[in-house]
Amino acid sequence: MMPASDNVLIRLTSLSKHYGSHTVLDGIDLEVRSGEVLAIIGPSGSGKSTLLRCINYLEPPDGGTISIGSMTIDAARPVGRPELSGLRRRVGMVFQSFNLFPHMSVLRNVSLAQERTLGRSRAEAGERSMQLLKRVGLADKAGQFPVRCSGGQQQRIAIARALALDPEIMLFDEPTSALDPELGLEVLAVMRELAESGMTMIVVTHEMGFAENVSDTVMIMADGNIIEKGPSKDVMRNPREERTKRFLRAVH
Ligand code: ADP
Ligand code: MG
């Protein structure tokens, strides 16, 4: 949850993205404080996934800046490899589809990037992986292959894998929408624990309960813009904007 400090960890200024003549991000300005949990909701096609993908440069934005702590990337300038890997190391991401390697054990899935990206030894990475598998309740699956795990378990493994790189920020893009509701709950429980531990999180979600009860702040997007943003209970219970009211009526 939100600490007393007001430290901004992520700052986006005028972040924009176009596909041809289609404006997908229309100059997004956003600040997220250290330890804040921000939920992003909004209609399909409003630019939520593109925003997350631009933050860690899976999609290069075509204007604006991204600052994480003291590091700033200006989308108008060419971005070098060291900057990109610096950014990606600080920002973990969890997708709707878990994308585990099917031919590797669960443990190996969590360990591999630690060895390749952080240069940890196999033993060190294995130990850290076991800690994280325990944290997400899956230590007993370490030696299994992902195919032997449920969708909810696979998503929890994907969360452990992202956490294994010790990110400062975690981005989640609809992490439960490919799951049956009861399997979604076990993933949401892990995300709630992570939020309570103080992780800075940006979560695109359809889970209105998560937005209202776990996140500190809710932001509504439409047509590549932020149409409303505020403390989660205010936005969810007393939205100011007519478009927010309509969206919340449609999804409740
Ligand atoms: P959301 O996640 O809110 O549903 P997206 O960020 O996925 O929205 O998409 C926003 C808009 O950008 C949509 O109109 C989508 O069709 C378009 N879009 C997304 N990715 C691409 C792409 N690679 N090429 C062209 N258009 C895209
Ligand atoms: Mg999306």
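The values are calculated or read from the model by the stated rules, or taken from the named source; none is laboratory data. Not measured: the values here are computed from a predicted model. Don't worry about glycine lacking a Cβ; one is built from the backbone with ideal geometry, like all the others, and counts go over all protein chains shown. Please note that ligands, DNA and RNA were not included when accessible areas were found on the heavy atoms of the full protein model with its side chains. Shrake-Rupley method; radii C 1.70, N 1.55, O 1.52, S 1.80 Å.
Computed quantities for the displayed model
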{"read-out": "Model label zone, Ser150; criterion: amide N under 20 Å from point 7 Å along Cα-to-beta-carbon; scope region 106-138", "value": "106-107, 133-138"}
{"read-out": "Local electrostatic count, Gly47, Cβ distance below 9 Å [Lys/Arg +1, Asp/Glu -1]", "value": "0"}
{"read-out": "Listed peptides 69-78, 101-110 by packing density, highest first (mean Cβ within 10 Å)", "value": "101-110, 69-78"}
{"read-out": "Percent breakdown of C-alpha pair distances by 5 Å bin, ordered from the shortest bin, for region 82-174", "value": "3, 15, 26, 26, 19, 8, 2, 0"}
{"read-out": "Ellipticity estimate at 222 nm from DSSP helix runs (n ≥ 4, -39,500 (n - 2.57)) divided over the chain, nearest 500", "value": "-11500 deg cm²/dmol"}
{"read-out": "Kirkwood estimate for region 145-220, i.e. one over the average of 1/r between Cα atoms, Å", "value": "12.9"}
{"read-out": "Non-local Lys pairs in the chain, i.e. 8 or more apart or on different chains, that have alpha carbons under 21 Å apart", "value": "7"}
{"read-out": "Full-extension gain in nm, Thr65 to Gln96, via 0.36 nm per residue minus C-alpha separation", "value": "8.6 nm"}
{"read-out": "Under the span-like rule (Cα at least 15 Å along the axis, Kyte-Doolittle mean at least -0.5), DSSP H helices of the chain", "value": "106-118, 151-163, 181-196"}
{"read-out": "Mean accessible surface per residue for region 8-64, computed with a 1.4 Å probe while every protein chain stays in place, in Å²", "value": "36"}
{"read-out": "Apportionment of accessible area to carbon and sulfur, region 112-179, percent (1.4 Å)", "value": "46"}
{"read-out": "Against the rule of thumb 2.2 N^0.38 Å, how large the Cα Rg of the chain comes out", "value": "1.00"}
